[in-house]
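Step one of this worksheet: look at the structure below.
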Amino acid sequence: MFNDITIGPVTIHMYGLMIGVGFLMAYVMSCYRGKKRGLSEDIFFGILVCAIIGGMLGSRVLYYIVELPQIIQDPSILWDFKNGYVVYGGIIGGILASGIYTKVKKVSFLEYFDVVMPSVALAQGFGRLGCFFAGCCYGRETDAWYGITFTHSDFAPNGVKLIPTQLISSAGDFLFALLLVLYARRKPERGRVGALYLVFYGVGRFLIEFLRNDYRGSVGIFSTSQFISIGIVAVGVLLYILLPKLHAYWCEREKTEASSDSQK
């Protein structure tokens, strides 16, 4: 595919454009759904900024961790910012930064977490379209009818028919966004929508890794992302089970403290 599209004097970088569209759509979707719940657009904007900053830092830090043996051999990798970003690091960093922000603003993290995470899946769907245009995150060779051939990629092998893992991932992310929104309409207990995102994405990423052929590191028989996926799914399942109980505990504790204060 073509990552750079030139129209007259203007060159459009499709990867960056898709990332930008993803962030914009995530913000619009979060505000639209959050407004129905009486949540603040200003808080959503703050979460967006924090998620971008935290996501960039997190994706870079995890890359350093994964590539530590190579960095020891060649420290110049530390200063190569053109490549070297791990999606899982971005997710973890974005969630942590957003959690800190909501704590500072004294608003419910779980309430915003549940609204934002379907939007994150939507943004990732656009991000994977960007990967398709750039040719990164490419799949294994195939003779199947659905294979695609890159001709101008700086990442994927050109002139070889490959499994379109980017498009499969994109379709999966869009599907996750839809399923999470539909589930949210059932008004589940706080935190469960966000927890379910972790399960969906973790399972999807684990499976798509079997079809990818770009270098991603390894931990035993698994790719690095598959190894992390196992942990992410486990965390998602635990949060899905425990968060409602923890929320009920904290609500009861706040009521007890409020009652105690009023009696003083």
Since THR224 meets every condition but one in (1) at pLDDT 90 or above; (2) crowded, with 16+ Cβ neighbours inside 10 Å; (3) closer than 30 Å to PHE133 by Cα; (4) not aromatic (Phe, Trp, Tyr), which condition does it not meet? (1)
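Scan region 2-27 for residues that are over 20 Å from the mean Cα position of the chain (by Cα) and surrounded by 18 or more Cβ atoms within 10 Å (Cβ to Cβ) and jot them down.
Of all residues in region 2-27, those over 20 Å from the mean Cα position of the chain (by Cα) come to 2-13.
The one that is over 20 Å from the mean Cα position of the chain (by Cα) and surrounded by 18 or more Cβ atoms within 10 Å (Cβ to Cβ): ASN3.
Could you tell me which of the residues PHE155, PHE174, PHE200, PHE206 is within 18 Å of VAL87 (Cα to Cα), in contact (Cβ under 8 Å) with a residue 12 or more places away in the chain and assigned to a loop (DSSP other than H, G, I, E, B)? Before you say what the answer is, go through the steps one by one.
Values: PHE174 fails: assigned to a loop (DSSP other than H, G, I, E, B); PHE200 fails: assigned to a loop (DSSP other than H, G, I, E, B); PHE206 fails: assigned to a loop (DSSP other than H, G, I, E, B).
The conditions single out PHE155.
For (1) at pLDDT below 90; (2) over 29 Å from GLY217 (Cβ atoms); (3) open to solvent by 60 Å² or more (accessible area, probe 1.4 Å); (4) part of a helix (DSSP H, G or I), each residue gets a yes or a no:
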residue	(1), (2), (3), (4)
MET29	no, yes, no, yes
CYS50	no, no, no, yes
VAL61	yes, no, yes, yes
ASN83	yes, no, yes, no
GLY93	no, no, no, yes
ALA97	no, no, no, yes
LYS103	no, yes, yes, yes
MET117	no, no, no, yes
LEU122	no, no, no, yes
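Just to be sure before I move on: is LEU180 surrounded by 19 or more Cβ atoms within 10 Å (Cβ to Cβ), out of contact with any helix residue (DSSP H, G or I) (no Cβ under 6 Å at 6 or more places or on another chain) and either more than 28 Å from TYR138 (Cα to Cα) or touching a residue at least 40 places away in the same chain (Cβ under 8 Å) (or both) in the structure I sent?
No, not satisfied.
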I'm trying to understand the selection: among the residues of region 132-152, which are farther than 20 Å from ARG216 by Cβ and part of a loop (DSSP other than H, G, I, E, B)? ASP143, ALA144, TRP145, TYR146, GLY147, THR151, HIS152
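Against the condition of a type in the set (Val, Ile, Thr), in contact with a helix residue (DSSP H, G or I) (Cβ under 9 Å, 6 or more places away or on another chain), in contact (Cβ under 8 Å) with a residue 40 or more places away in the chain and not in a helix (DSSP H, G or I), how does VAL107 come out, does it pass?
Working: of a type in the set (Val, Ile, Thr): yes; in contact with a helix residue (DSSP H, G or I) (Cβ under 9 Å, 6 or more places away or on another chain): yes; in contact (Cβ under 8 Å) with a residue 40 or more places away in the chain: yes; not in a helix (DSSP H, G or I): yes.
Answer is yes for this residue.
Return the residue satisfying two criteria in turn: it lies in region 134-145 and is among the hydrophobic types (A, V, I, L, M, F, W, C) and surrounded by fewer than 21 Cβ atoms within 10 Å (Cβ to Cβ), and of such residues it is nearest to ASP42 (Cα to Cα). Quick ask: steps written out before the conclusion?
Going through region 134-145, the residues among the hydrophobic types (A, V, I, L, M, F, W, C) turn out to be 134, 136-137, 144-145.
With surrounded by fewer than 21 Cβ atoms within 10 Å (Cβ to Cβ) added as a condition, the list becomes 136, 144-145.
Values: CYS136: 34, ALA144: 48, TRP145: 47 Å.
Applying the filter and picking the extreme gives CYS136.
The values are calculated or read from the model by the stated rules, or taken from the named source; none is laboratory data. Since the model is a prediction, treat every value here as computed from it, not as a measurement. All Cβ positions, glycine included, derive from the backbone under ideal geometry; neighbour counts span all protein chains shown. Each accessible area value is taken on the protein alone, full model and side chains, heavy atoms only, with ligands, DNA and RNA left out. Shrake-Rupley method; radii C 1.70, N 1.55, O 1.52, S 1.80 Å.
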